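Taking it in order: structure first as C-alpha cells, then the write-up.
The values are calculated or read from the model by the stated rules, or taken from the named source; none is laboratory data. What you see is a predicted model; the values in this text were computed from it and never measured. As a convention, Cβ positions derive from the backbone with ideal geometry for all residues, glycine included, and neighbour counts pool all protein chains shown.
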Amino acid sequence: MATKTTAPATTQERSRAARTRRLIVHIGLIGFGLIMLYPLLWMLASSFKPTEEIFRAPGLIPETFHPSNYTEGWTALQFPFHHYLLNSAIVVVGAIIGNLIGCSMAAYAFARLEFRGKRLFFAIMLATIMLPIHVVIVPQYIMFAEIGWINTFLPLIVPKLLATDGFFIFLMVQFIRGLPKDLDEAARIDGCGHVRIFFQIIMPLSLPALATTAIFTFIWTWNDFFSQLIFLTSPDMYTVPVALRTFVDSSSQTSWGPLFAMSVIALGPVFGFFLAGQKYLVKGIATTGIK
C-alpha cells in the first residue's frame, strides 16, 4: 500500500517542480525581454514629450503629451524627412538587388562549378568576412573619388553587384550544397546549361536563403551610418541615418523630441520588413537544403 500511495505523490511532485521551473524560466525571459525593450519604449515615449521634459522626467508616461514633435521633425531639416526616406529606399533596393544577383552567382560557382584555385578563392572570400569596413574605407574612397562617384549612391550599390559581402556568399553556398545534384544532372539531360540551371532550378529552390539575404541586407543597409556618411557629402543626398545626425547640433540646443520622433518613423520600415519575412528568415538560417 505504501508503494501505491508514494508513486502518485512522487509524480505530482515532479510535475509541480517542472511547472515551477518553467514558470521561473518564463518570468526570467519576460524580465529580460522588458529590459531589451525598454530603450525602444523610452524612445517612443520621448517622441511625445517636450524637449525639456525628456531628461527631467525619464518615465515612460509623458507628463505633457506633445505629438507636434512629429510634424516639427518632418520639416525641421533642409529637406522634408520623406526626402531622406526616399534616398534610403533607393540605396536599400539597389543593395538588395545587387546582393541577390552577385552573391547568388558567386555562391553557385563555389557550390557547383569546378575550377582551378577554387578552395583558395573560397578561403580568401571567407577571410574578407573578418575585415572591418574601417580597413577598406580609405582605399574605397580614393578609388571612388578618382572615378567621380563621391556624393552619389553608386559606391553604396555597385560593389554589391560584385559579390563583396562574403557572409551572404557563404550562406548561399551552404544552402546550395544541400540541394540534390540529381536535379542538375536531370536538367543537363534535358539540354540545360549552367545559366538555365541557375535561374530555373537553383534560384527558385533557394528562396529561403535569398529571403534571408534580402532581410539582412535591408536591415544593415538601412542602419548603415559610417559608409553613407563618408560617401554622401551634400544634404540632398543624405539617407535617414545621416539625416538623423543633423538633428544633433554641438553649437546649439539639440531638438531631442523631433529627433526621437523621426527615429521612431525610421524604425518602422525595419520592423515591417523583418516581420514580413520572418518565416523565410528562420527557415533560411535553420536549414541548409532539402533533406
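If you check Phe247 against the conditions, is it part of a loop (DSSP other than H, G, I, E, B), out of contact with any strand residue (DSSP E or B) (no Cβ under 8 Å at 6 or more places or on another chain), of a type in the set (Phe, Trp, Tyr) and at pLDDT below 90?
Spelling it out, Phe247 is indeed part of a loop (DSSP other than H, G, I, E, B), out of contact with any strand residue (DSSP E or B) (no Cβ under 8 Å at 6 or more places or on another chain), of a type in the set (Phe, Trp, Tyr) and at pLDDT below 90.
Select, from Ala111, Ala123, Ala127, the only residue that is surrounded by 13 or more Cβ atoms within 10 Å (Cβ to Cβ) and not β-branched (Val, Ile, Thr).
Only one candidate qualifies: Ala111.
Which residue pairs have Cβ atoms closer than 6 Å, lie 6 or more positions apart in sequence or on different chains, and pair a first residue in region 151-164 that is on the phi > 0 side of the Ramachandran plot and surrounded by 18 or more Cβ atoms within 10 Å (Cβ to Cβ) with a second residue that is in a helix (DSSP H, G or I) and small (Gly, Ala, Ser)?
Pairs that qualify, where the first residue is on the phi > 0 side of the Ramachandran plot and surrounded by 18 or more Cβ atoms within 10 Å (Cβ to Cβ) and the partner is in a helix (DSSP H, G or I) and small (Gly, Ala, Ser), are Ala163/Gly102; Ala163/Ala106.
Looking at this structure, is Ser46 farther than 21 Å from Val240 by Cβ, in contact (Cβ under 8 Å) with a residue 40 or more places away in the chain and among the small types (Gly, Ala, Ser)?
no
Looking at region 194-217, can you tell me whether even one residue there is exposed (fewer than 14 other Cβ atoms within 10 Å of the Cβ) and in a loop (DSSP other than H, G, I, E, B)?
Taking every residue of region 194-217 in turn, none turns out to be exposed (fewer than 14 other Cβ atoms within 10 Å of the Cβ) and in a loop (DSSP other than H, G, I, E, B).
Restrict the check to region 54-68 and report whether at least one residue is in a loop (DSSP other than H, G, I, E, B) and at pLDDT 90 or above.
No, region 54-68 contains no residue that is in a loop (DSSP other than H, G, I, E, B) and at pLDDT 90 or above.
As an exercise: evaluate Arg188 against (1) part of a helix (DSSP H, G or I); (2) in contact with a helix residue (DSSP H, G or I) (Cβ under 7 Å, 6 or more places away or on another chain) and give the number of the one condition it does not meet.
Looking at each condition in turn, Arg188 falls short on (2).
From the residues in region 109-143 that are among the β-branched types (Val, Ile, Thr), in a helix (DSSP H, G or I) and closer than 17 Å to Leu162 by Cβ, which one is farthest from the chain's Cα centre (by Cα)?
Selected residue: Ile124.
Working carefully through the options Leu171, Leu179, Leu207, find the one that is in the same structural domain as Phe110 (by TED's automatic domain parsing), in contact (Cβ under 8 Å) with a residue 40 or more places away in the chain, in contact with a Leu (Cβ under 7 Å, 6 or more places away or on another chain) and not hydroxyl-bearing (Ser, Thr, Tyr). Please lay out each step first, then the result.
Details: Leu171 fails: in contact with a Leu (Cβ under 7 Å, 6 or more places away or on another chain); Leu207 fails: in contact with a Leu (Cβ under 7 Å, 6 or more places away or on another chain).
Within the list Leu171, Leu179, Leu207, the selection yields Leu179.
If a residue has to be more than 13 Å from Ser255 (Cβ to Cβ) and in a helix (DSSP H, G or I) to count, how many in region 31-52 make the cut?
Of the residues in that region, 15 qualify.
I'm trying to understand the selection: among the residues of region 69-84, which are exposed (fewer than 14 other Cβ atoms within 10 Å of the Cβ) and not in a helix (DSSP H, G or I)?
Thr75, Gln78, Pro80
Being of a type outside the set (Val, Ile, Thr), touching a residue at least 40 places away in the same chain (Cβ under 8 Å) and not in a helix (DSSP H, G or I), is that true of even one residue in region 85-99?
no
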